[in-house]
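Read through the structure below, which is laid out as C-alpha cells, and then see the notes.
The values are calculated or read from the model by the stated rules, or taken from the named source; none is laboratory data. It should be emphasised that the depicted structure is a prediction, and the values quoted were computed from it without experimental measurement. Heads up, the Cβs are rebuilt from the backbone with ideal geometry, glycines too, and the neighbour counts pull from every protein chain shown.
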C-alpha cells in the first residue's frame, strides 16, 4: 500500500493587494482575488445594514483627493489585510442618528463576515468597525428612503 502525502493547500500572497489560492482553483490554473474585490464586497455589505449612512470621510478632502487622482473614498474608508487565505478588515462608517452604535456595528461585522466568506471562500479573522460620525437624517433623505423601499 502506498503512503499518500496530503499537501496543505495554501494561498500565496502575490503582493500586498492580491492573494492567489491554488487550492481553491482546479487543474486549469490559479484563482487570484484582488483586494479591490474584497473591498467592494465589504462596502456593499456595510451599506446594506440599516442605520449606516455612508462610508466615512470628509467630502471636501475626498473631492480634492479624487481630482488629484488619489484613491476613492471607499478605498480610504476600508482597509484590507491579506495573509494567505485569511483576511482582516477595518471599515470606517458614518451612522444615522437614532440607532444604537453597538447593535449596528455588530450587524455590520456579521454582514461583512458572511458576505466575504461566502463570495471569496477566505476566512475572515476580524472586522473592526470605526464609527466616525453620527449624522442627522433630513426630511428630504427620509422621503427618498421611503420612495426607494
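Some notes on this structure:
- Residue check, residue 134 farther than 18 Å from residue 54 by Cα and either at pLDDT 95 or above or touching a strand residue (DSSP E or B) at 6+ places or on another chain (Cβ under 8 Å) (or both): no
- Segments classed as helices (runs of 4 or more DSSP H), wholly inside the range 1-112, with at least 2 members that are under 27 Å from residue 136 (Cβ atoms), in contact with a strand residue (DSSP E or B) (Cβ under 8 Å, 6 or more places away or on another chain) and modelled with pLDDT of 95 or more: 35-47
- Enumeration of residues in the range 111-130 that are surrounded by fewer than 19 Cβ atoms within 10 Å (Cβ to Cβ) and under 13 Å from residue 52 (Cβ atoms): 130
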